[in-house]
Amino acid sequence: MHSQGIVHCDIKTENILITEEEYEGKRTRMVPKLLDFGLARSLVASRASTSLSGTPHYVAPERIRGEPASPASDVYGVGILLYELICGAVPWDGPVQKILAGHLDEVPKPPSQIVEGLDPALERLILHALEKKPANRHKDMAAFLYEMRTVMDMMGISRRNRGGAAKRVVIEQAPPPPNRRDENARIAFDVCRLPLALLSVQGVIIAANPAFAKFVMGLQVEVEGLPVRSTALANAWNTAESDIQRTIAGNPIRRIIEIDLADGEVRRLLLWLDAVSREQVLLGVQPLDL
């Protein structure tokens, strides 16, 4: 949404719908969807509105001060949402003026004082998103997601294995015997030292090997479900969407890109795309300078 120049401005529990969707045949998964774009703002409009709108409990301080909405405003709304999910209540409640004053001037009560045994990393994530000044929050939603997934990894929480969560029992016919060739391909994909990822037509990472996750994030975290434009490749590879479309159309891509390193050096990389199907492409990255 932000990459399309749109800020939602009203992120709250009432505007999030959890749906059940089928994938991979008979399997289902729960997918959250953000609703109600009635208060959304354009970041590229010639005259961005600075009028205060949205639900008082979730509105960012800069919006109260009459400043224009920005992605940081939505980061703040997600911070309030996460605070509510963890603590069972929003940081400030009561009359509207009291709520707005809380956003502007009061430090939220630390979640660890409400939830006993809360992981400190999770509390830091929440309070980072609730900084009063936009510049002190996560620089964008991708940075928020990166920190959240890092915290999940530290806490041993995975989208693939939610320990303790209720499990649905589905009785089906016995599955066919595993395809040994597919299993060997999966093993080779995971252990390959070159960064490899399977992308959707929209540029979303469907699967990635550990080398790719470490390459784009700097450490081993789960990147599946993350748009490739939200990774470290985005700055050097600004033709991702068109390259994926060209690859799907039967024109494999080979590009040389340059990545700036922390010590000021520049690394040259060969980036390649090959179509796997009409809906998926394989992305590979390998160094040119040894």
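The values are calculated or read from the model by the stated rules, or taken from the named source; none is laboratory data. Values in this document were obtained by computation on a predicted structure and should not be read as measured data. Counting neighbours? That spans all protein chains shown, and the Cβs are built from the backbone with ideal geometry, glycine included.
Return the residues of segment 80-107 that are among the charged types (D, E, K, R) and closer than 12 Å to residue 126 by Cα; say none if nothing qualifies.
84, the sole residue that qualifies.
Is segment 154-174 home to any residue that is out of contact with any Cys (no Cβ under 7 Å at 6 or more places or on another chain), at pLDDT 75 or above and outside any loop (DSSP other than H, G, I, E, B)?
yes
Look through segment 196-230, keep the residues that are assigned to a loop (DSSP other than H, G, I, E, B), modelled with pLDDT under 80 and touching a strand residue (DSSP E or B) at 6+ places or on another chain (Cβ under 8 Å), and return whichever of them is farthest from residue 269 (Cα to Cα).
Checking each candidate, the answer is 224.
Regarding segment 100-107, can at least one residue be identified that is crowded, with 20+ Cβ neighbours inside 10 Å and within 24 Å of the chain's Cα centre (by Cα)?
no
Identify the residue in segment 5-43 that is within 17 Å of the chain's Cα centre (by Cα) and within 16 Å of residue 70 (Cα to Cα) and, among all such residues, is surrounded by the fewest Cβ atoms within 10 Å (Cβ to Cβ).
Out of the qualifying residues, it is 5.
Within segment 126-146, how many residues turn out to be among the hydrophobic types (A, V, I, L, M, F, W, C) and farther than 24 Å from residue 105 by Cβ?
4
Within segment 5-106, considering only helices (runs of 4 or more DSSP H) that don't extend past its boundaries, which have at least 1 residues that are modelled with pLDDT under 90, touching a strand residue (DSSP E or B) at 6+ places or on another chain (Cβ under 7 Å) and within 23 Å of residue 141 (Cβ to Cβ)?
Fully inside segment 5-106 and qualifying: nothing.
Results for (1) within 23 Å of residue 150 (Cα to Cα); (2) in contact with a helix residue (DSSP H, G or I) (Cβ under 9 Å, 6 or more places away or on another chain), shown as yes or no for each residue.
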site: 197; (1), (2): yes, yes
site: 201; (1), (2): no, yes
site: 204; (1), (2): yes, yes
site: 210; (1), (2): yes, yes
site: 215; (1), (2): yes, no
site: 244; (1), (2): no, yes
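Quick one: in segment 113-157, of everything that is surrounded by fewer than 17 Cβ atoms within 10 Å (Cβ to Cβ) and polar (S, T, N, Q), which residue is nearest to residue 78 (Cα to Cα)?
136
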